Each structure stands twice: as C-alpha cells, then as structure tokens.
Amino acid sequence: MKSLSDARSTRIALSVGLTAAALLLGGCGRQPNLFDDHGIGRPRPRTGRYATATIGGATFLDLDDAGMHSYYTGRRWERNGIIYTCRAGHIDLAHVRKSADWTAYAAEKIVAVIEKGQTEFSLKVSDPVRYFVTLRYPCDWSERTPIEKRRVTTEVAIELGRYLGFAISAWHEIITWFGYRNVPLYPEFPSAFSWEDSFSDLLGSHLGAAALRDTVRPFDSAMTWALTNELEQLGVQSKEVAAQAARKVEGNWYSDGFLFMVQMNKRNLDLGVDDGYITPWIVHHLDACPGAEPRSYAIPSLSALCDLGFVAKVEIEPGGLEKKRILQVVYPDPERRKDRIEPELHFRPIMEYIHWDALERFGPDVDVPWPDEIPAD
C-alpha cells in the first residue's frame, strides 16, 4: 500500500512547479504564506455561489462542466458553481473542494508531525483563527515496526485530517453568522448556513479522505474521480434542473435583495451536533427526481482515532471582531472565560445560540424547509 507520506513528495514537487508557472503566466504578485513551516502548501481560496436564481446568484453546472479538481492551479482545469442532485439537493462545488483540500492539507501536516514524534501542532487558515491540536500516542508506539507505524500514521492523518477539514469549514459558517466578512464592504451574512453550505462542506471532507485513501491516483485525479462517482450516486442532474429547483424555492427559501444582493429567508442549521449527521435539503416535486429522499452523512468524529490507539484534542482560538461574542456564548461566566473552544464540546451551545438568534430574526420556520409537511402536535 502506498502511504500518505510516500505520495507526498511527488504531489508537493509537482505542485511547486505548477504553482510557480501559474504565478508567472498569470502575472500575479508573490502569494504570501503559500507553504507552512513543514513545507506543505496551503489550499488556495475559492469563491462559493448562492444556489439562487438571481442576478449575482448561482452558476449552475452540468457534471461534465466541473473539470478536474486542482489543489493549487485550478483556474485552468476546474470550474466551480452549483450542481443539483436528487438525494442531496444543491451542492456548492467550491465548498466541496475547499473542505477536501483542507482535509488533505491537515493530513499532510499530521504525517509530518507524527514522523517527528511531536505531540502538539497548530494550523493557520485564511480566516482569523488558529487551530491547536494535541496528540497522545499509543503506549507501545516506540516498540512498533516501521511498517505498522506507517500504516497507523496514514489512518490517523486521514481521520484527524477529515475532522479538521470539516471543522475549518463549519467554523467559517459560524463566524460568518457572527458578522465576519472577508471583504470589508461586502456582507457575507446571507451566506451563513445557506441551505447547501454545511452539507457541501461535509461532503468535501468525506471526499478528501476518500481521495487520500486512493493508492492508485495522485490527489487531484483521485478527488476528481471521487467527486464524480459520489455525485452520480446522489443522482446528479443537469444545470437546467438545478436552475428549475432554485426557481421552485424562490420567495420561500430566498428572495431578491437590495442591489442584486440575496435575502436568505431560511437556513439549514444542521451541523450534526444533535445526532452526528447532516441531512441536506432537497427540493420537492421535481419531475427529474420522483420520490427522492435526502441522504444523511455522518460528521467526522475524534472517536475514530480510538481504534488506532491515538487520542487527539482539537481547540480553536478565535480572532477578529467576532471573538468576544462567540466566547461570551461559550463561556457565559466572565470569571471562567477562556481564549479557546473545543468543537467536540462547544459547537453544540454555539449552534443552540445561532438557532435562537435565527428564530428571532426570521421566525419559527427559519430552519424548516417544508413546514406544511410537519404533522401537528
């Protein structure tokens, strides 16, 4: 079996060359923080889309339009937009790809950390936040053979990488709800927990892990194959159906806003904190998807490491203007307030607050896609 670390050198060497060529050919300036302290290239940014039939909304795509996934230089090979599937509704490919790449990045980082015998490391992403990870090794780690260590390291890296990839994406939704915006004058609140985002993020972490387990293809090719295969299993539809589905929920899930902005009337606040699964929203009564039912996916969990003999603690240290408000939600008592939160413990109270806030802003059906279909008490 080809290990994650064996594949790393080939991918990184190729990526360095492709990135340098892209910067030269594109006429861009030097890209800051391209590589971290372990020499691992960080994922490039991508721009998501609203799954709306509005000006400035979605770019609806057929599956054949999506192109080849590319960790570094995707402008030439991949295309992003909104795809519709019968069992998962609208999917934002940019969110899928970003989450997959953060999964791969974190996994590469974890391999480097374990190979050096380190017990602590941190991740810095594009948002104003830093992730801190503490590792506890199996008691007999020093006695294991190199082959066994390599096998377990690969699995730990993939499982913990998947967890971090999803946490990074979920945290972006959270801070956006609390007012974070990447561009100072452009409001991003309408995109916070829009109906397709969290599931797209979760799907990306699953596909990133699947691509890392592919022992035949390099990551970009493996990710392209995994994405295509999964979308086909979910019942991917044409761009015409994707647009039709968006029009069916116009005036209900969303409306036209001021100056081409989108007004999101409903939000999918399912982050898996209650039952460990995220259930996507699908559009009902589409001729292309008769009798369709949504397919729920499990969120990553740190408990997956237990079978491998490892224990991990993940903490998030918020930054930016949103930090104070979020920490007040997690630690109501100012005397006991800390600077970090743990997703395993604190995503639930944060989402409870967001749910309450959403009800106050948008009414009792804000997170219910089809309220008329809920039986009366």
Some residue of region 232-252 being free of Cβ contacts under 8 Å to residues at least 60 places away in the same chain and on the phi > 0 side of the Ramachandran plot: yes
Of the criteria (1) assigned to a loop (DSSP other than H, G, I, E, B); (2) at pLDDT 95 or above, which one I316 fails: (1)
Test: residue in region 312-329 that is surrounded by fewer than 14 Cβ atoms within 10 Å (Cβ to Cβ), out of contact with any Phe, Trp or Tyr (no Cβ under 6 Å at 6 or more places or on another chain), of a type outside the set (A, V, I, L, M) and more than 30 Å from A209 (Cβ to Cβ): yes
Region 159-201 - residue that is small (G, A, S) and part of a helix (DSSP H, G or I) and, of those, nearest to A88 (Cα to Cα): S200
Residue within region 150-168 that is at pLDDT 95 or above, surrounded by fewer than 16 Cβ atoms within 10 Å (Cβ to Cβ) and over 15 Å from the mean Cα position of the chain (by Cα) present: yes
Odd one out for Y105, checked against (1) touching a helix residue (DSSP H, G or I) at 6+ places or on another chain (Cβ under 7 Å); (2) at pLDDT 95 or above; (3) not β-branched (V, I, T): (1)
Hits in region 116-148 (condition: crowded, with 16+ Cβ neighbours inside 10 Å and without any contact (Cβ under 8 Å) to a residue 40 or more places away in the chain): F121
Of all residues making up region 294-313, the number that are in contact (Cβ under 8 Å) with a residue 24 or more places away in the chain and not in a strand (DSSP E or B): 11
Residue list for region 217-227, restricted to those being touching a residue at least 12 places away in the same chain (Cβ under 8 Å) and either surrounded by fewer than 17 Cβ atoms within 10 Å (Cβ to Cβ) or among the basic types (K, R) (or both): P218, S221
In region 217-254, the residues that are of a type in the set (A, V, I, L, M, F, W, C) and part of a helix (DSSP H, G or I): F219, A222, M223, W225, A226, L227, L231, V241, A242, A243, A245, A246
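The values are calculated or read from the model by the stated rules, or taken from the named source; none is laboratory data. Owing to the predicted nature of the structure, the values given are computational and were not obtained by experimental measurement. Backbone-built Cβ (ideal geometry, glycine too); neighbour counts: all protein chains shown.
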